[in-house]
1. Those residues that are over 15 Å from the mean Cα position of the chain (by Cα) and closer than 22 Å to residue 123 by Cα, I need them from region 1-38; list them, please.
2. Are any residues in region 149-180 hydrophobic (A, V, I, L, M, F, W, C), touching a strand residue (DSSP E or B) at 6+ places or on another chain (Cβ under 7 Å) and either on the phi > 0 side of the Ramachandran plot or open to solvent by 10 Å² or more (accessible area, probe 1.4 Å) (or both), and if so, which ones?
3. Find the residue count for region 4-49, including only residues that are under 17 Å from residue 190 (Cβ atoms) and acidic (Asp, Glu).
4. Could you list all residues from region 12-34 that are out of contact with any Gly (no Cβ under 8 Å at 6 or more places or on another chain) and without any contact (Cβ under 8 Å) to a residue 60 or more places away in the chain?
5. For region 181-193, enumerate the residues that are open to solvent by less than 20 Å² (accessible area, probe 1.4 Å) and in a helix (DSSP H, G or I).
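The values are calculated or read from the model by the stated rules, or taken from the named source; none is laboratory data. Predicted model only: the values in this text are computed from it and were never measured. Cβ placement follows ideal geometry from the backbone for every residue including glycine, while neighbour counts extend to all protein chains displayed. Areas reflect the complete protein model, heavy atoms only, side chains present, ligands, DNA and RNA absent. Shrake-Rupley method; radii C 1.70, N 1.55, O 1.52, S 1.80 Å.
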Amino acid sequence: MMEKLQYISQGNTKKEQEFNIRNALDNGIQWIQVRWKNAPENELISLCEVSKKLCSEYKAALIINDHIQLVKETDADGVHLGLNDDSVEKARRILGNHKIIGGTANTIADVLQRMNEACDYIGLGPLRFTATKEKLSPVLGFEGYRKIVENLKGKSLEIPKIFAIGSVTLEDILPLQQIGIYGAAVSGEITRQPSMIKDFKKVMI
């Protein structure tokens with residue numbers, strides 16, 4: 001079964017990134033997504049290699065944002081692709097069927113596209129404004145998630161594994177689950193207070 005809580009890494013340097021990833025693992029996270037935009041290539045490779053070793057030690061899943069080839073080279077568990085990144089089809093061709101492929105979505109059209117592409121999970125958002133992402137898509141809010149889920153139900157489609165993203169807090173989890181959202185990808189809240197991981201896990205049914 002896929003973990004319901006993802007930690008999206010934060011940090012402006014390799015040292016910061018690694019520190020935050022270690023902290024999250026020490027506090028019980030089982031799913032790390034390495035996300036370090038504008039990183040020097042050699043440092044990103046090094047971070048992913050270290051993260052792979054750490055995640056193996058902690059028996060946690062490692063997903064790498066954007067870089068399909070890096071997933072293959074480090075034997076990470078999968079890749080997360082933005083709407084303007086490489087295609088899911090390309091990722092599947094390079095990585096095979098045993099790797100996890102996640103995709104970003106912002107609208108019902110994006111969600112339907114991701115379902116058609118047979119993504120393993122969809123990162124849908126943002127829930128609210130977040131400073132961690134450049135070129136932020138329109139904010140959905142709870143009502144946006146509700147409309148998308150109702151649209152899928154109206155089409156008699158099975159609800160895919162959707163993860164809410166974008167300044168998600170502990171208090172958001174219950175209302176999101178009531179809407180039909182599978183899980184959450186959390187960055188800032190966990191970076192600031194890694195001990196909250198256990199609190200998130202308690203409320204994620």
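1. Applying the first criterion (over 15 Å from the mean Cα position of the chain (by Cα)) to region 1-38 yields 1, 11-20, 22-23, 25-28, 38.
Within region 1-38, 1, 11, 17, 20, 25, 28, 38 qualify.
2. Scanning region 149-180 gives a single hit, 165.
3. Selection size over region 4-49: 3.
4. Passing the criteria: 12, 13, 14, 15, 16, 21, 22, 25, 30, 31, 32, 34.
5. Listed by number, the residues that qualify are 188, 190.
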